[in-house]
Number of protein chains: 2
Amino acid sequence: MVTIYDIAKKANVSPMTVSRVINNSPSISEKTRKKVEDIIQELDYIPNKQARSLISKETKLVSLVISDISNPFFTNIARGAEDKALQAGYQLLLGNSDEQTVKESRYIDLLLSTKVDGVLIAPTGDPSLANLRKLAKRRVPFVFVDRYVEGIAADLVMGDNAETTRKLVAHLVEKGHRKIALINGPSTASNARERLLAFTDALTLNGLDLIPELLIETHFLQDNFSEIVRTLMSLSPSGRPTAILAANNFIGVNTLRALREMNLQVPDEIAVACFDDPEPIPDYNPFLTVAAQPAYDMGYIGMQMLIERIEGTAPATNRKVVLPSQLIVRKSTQRS
Amino acid sequence: MVTIYDIAKKANVSPMTVSRVINNSPSISEKTRKKVEDIIQELDYIPNKQARSLISKETKLVSLVISDISNPFFTNIARGAEDKALQAGYQLLLGNSDEQTVKESRYIDLLLSTKVDGVLIAPTGDPSLANLRKLAKRRVPFVFVDRYVEGIAADLVMGDNAETTRKLVAHLVEKGHRKIALINGPSTASNARERLLAFTDALTLNGLDLIPELLIETHFLQDNFSEIVRTLMSLSPSGRPTAILAANNFIGVNTLRALREMNLQVPDEIAVACFDDPEPIPDYNPFLTVAAQPAYDMGYIGMQMLIERIEGTAPATNRKVVLPSQLIVRKSTQRS
DNA sequence: TATTTTTATGTTATCGATAACATAAAACTA
DNA sequence: TAGTTTTATGTTATCGATAACATAAAAATA
């Protein structure tokens, strides 16, 4: 491998002089600069980041730790994050936690060893606290995206859960639904908590009763949806929901599947809406009514805040950016 | 930051002894091993990969360079690649080329500086050759996924373009179509070339004429589809296609969009099918007939081959893994 | 011209870990 | 028990780059 020592020898200067040329140090004569640069070109020299990092303490690596890149919501976050990172000269390490705190933890350990400059993370939930503390202890800046964890401070970019929930409920109520089920994520996740809270508020606001059987707590990425939906739909006709609100796209899609298994027609027999669009290429085959969160922007802004933290240009106090969602009404809530 | 020197001092041993404990060297007395391990625990020591890499010449970083992570095809490749990488102790760096050779090139330069151990790449096309040569020159192993570039050898995992094309054409012919348009990717990309070749073969095989106006060469990620489709559909009624085959999901979806703009009904007025499923969460709202390539497996197998190359356990000759696609017939080709 | 200041370059030490060699202590052998 | 082998540990040099200090040469000043 070509090093500054090879360049130095060939150019008849000291390695330090080569280093200075590489780093555009001002006090280098035009003559040597030219000479060294020519040899760098000739030998096709590329600086070794590892060696540099050892001294500078920065790697120009950042990591994105999300639930699952296959979920279009996170895919778009990733794309936004990568765009911003590359633009600022950082490279993006990808990690899927699959909503498992243990997997997240293993990943964080790897990151600490790799010495990433910062982490953009959608924590699995409150149990992530220990993982985040590890980062904080080692002074690795991190920024929350989509979800946060109580008890540890960081910049945060997320969707407006309250307003989004209100919009979705209002839409369903407007369509005549009075018994709306919520299939929510785990209460350890901040977004699920906020959505539940907003949901009950929205029911009250619309003069609807809170029916405990219609509040289901499940996981954002797990497969007992057939049973959940079956249980819901086997409630007595008077207690059965006429609409289901799913707390994310994965739950939404699986709810549709479960209903299809049961030969229930959507939207005629039951309406379905969810948070986050399951369509990566929007609007080509609209069916499911969704509140689409600006995932790309969340990734982009989150990465921007992270880089500002890393580079020390961020304000001392933690920022909280809340982005609005867009209600996209499609067939799944439009009774024919 | 805690280093082996801190551990050494506290344990009253030399740094080398600490290093030996960390690396499970056999010739360490049980007593010192215990003592050192306790202090490692106590101080919460994490080895510095940068320093290690400087000597070992390996970073345990691999990179995935693809067109666009937002495309579900590549999303699934990424997920497969990440799963395998993590399992083997590697971390995955993500890079989007957006089908631009220049962007790809910039990314490769970054990778060379970061000293990744290997690269899994879907090259933008033949112009990528220079980028790949850079990798080869520096002895960075790489593996092709989805596409390859002539003139440079590497392991390869791809879909069976010939067979897949045949299946798609056969399906359309079976549905009664005699004039099938192909909206293909750029001829600089191996998969587009193979698809074109197989397409013309399949026409012959089915006794259909090759109509040059129905062979469109465009890009896998670019937006003049309205015009392309408009041109196709404004051919004389006798020359106009009754079915469109799109060379990837992006083209497929945009073709649908363009047809909708023109108020043409799919599948009644024109049928559409494409390579790759645009649905990340399969089968929830089937509309578009596709030949779904096993993207996850492509990523997983590709990463596996890459890691074998990196670790020197791969056979000397380059491997070529060709995976079959699955034809999924949906509404877009099922005339009512 | 002598002296000071500036400019250009070199030397040494360091980042954190480990390979390669060296050596003291313990264990074994004759 | 003296000599040899083995085991456990330490020392030194190195990976590639750069910070901090040092110095020779050139330019500016008196």
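The values are calculated or read from the model by the stated rules, or taken from the named source; none is laboratory data. The model shown is predicted, which means the values in this text are computed figures rather than measured ones. Note that each Cβ is placed from the backbone with ideal geometry, even for glycine, and that neighbours are counted across all protein chains shown. Heads up: the accessible areas ignore ligands, DNA and RNA and are worked out on the full protein's heavy atoms, side chains in. Shrake-Rupley method; radii C 1.70, N 1.55, O 1.52, S 1.80 Å.
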Quiz item: Amide H neighbours of A:Gly159 under 5 Å, counting only residues 5+ apart in sequence or on other chains, H built in-plane at 1.01 Å?
Solution: A:Asp146, A:Leu323
Quiz item: Where Rh denotes the Kirkwood radius from the mean inverse Cα pair distance, what is Rg over Rh for the stretch B:4-47?
Solution: 0.90
Self-check item: Rounded, prolate or oblate (a/c below 1.5 giving rounded, otherwise prolate when a/b exceeds b/c) for the stretch A:205-250 by Cα gyration tensor
Solution: oblate
Quiz item: Taking the Cα centre of the protein assembly as shown as the origin, how large is its charge dipole in debye, to the nearest 20, when only Lys and Arg (+1) and Asp and Glu (-1) carry charge on their Cβ atoms?
Solution: 1960
Practice problem: Please list the non-local residues whose amide H lies under 5 Å from the amide H of A:Tyr90, H modeled 1.01 Å from N, same-chain partners needing a gap of 5 or more. | Solution: none
Practice problem: Counting only heavy atoms of the protein chains, get the accessible area per residue of chain B (1.4 Å probe) and round it to a whole Å² value. | Solution: 41
Quiz prompt | Distribution of pairwise C-alpha distances over chain A, 20 Å bins, in % | solution = 28, 44, 19, 8, 0
Exercise. For the stretch A:210-336, report the convex hull volume of the alpha-carbon atoms normalised per residue, in Å³, without decimals.
Key: 142
Quiz item: Rounded to a whole number, what % of the accessible area of the stretch B:4-47 do carbon and sulfur atoms account for, probe 1.4 Å?
Solution: 51
Quiz item: Among the residues of the stretch A:35-53, which ones have their accessible area go down by 50 Å² or more when all the protein chains sit together, as opposed to their chain alone (1.4 Å probe)?
Solution: A:Asp44, A:Ile46, A:Lys49, A:Gln50
Quiz item: To one decimal place, what Kirkwood hydrodynamic radius in Å is obtained for the stretch B:1-132 from all pairs of distinct Cα atoms?
Solution: 17.4
Quiz item: Between the stretch A:192-229 and the stretch A:22-36, what is the C-alpha centre distance in whole Å?
Solution: 66
Exercise. Provide the buried accessible surface between chains A and B in square angstrom, both chains summed, 1.4 Å probe, rounded to the nearest 100.
Key: 5500
Exercise. Roll a 1.4 angstrom probe over the protein heavy atoms and tell me the percent of accessible area of the stretch A:254-336 that is carbon or sulfur.
Key: 50
Quiz item: Counting only protein chains, not ligands or nucleic acids, how are A:His177, B:His219 ordered by accessible area (probe 1.4 Å), most first?
Solution: B:His219, A:His177
Quiz item: In terms of modelled amide H atoms, which long-range or inter-chain residues lie less than 5 Å from the amide H of B:Ala291?
Solution: B:Cys274, B:Phe275, B:Asp276, B:Ile328
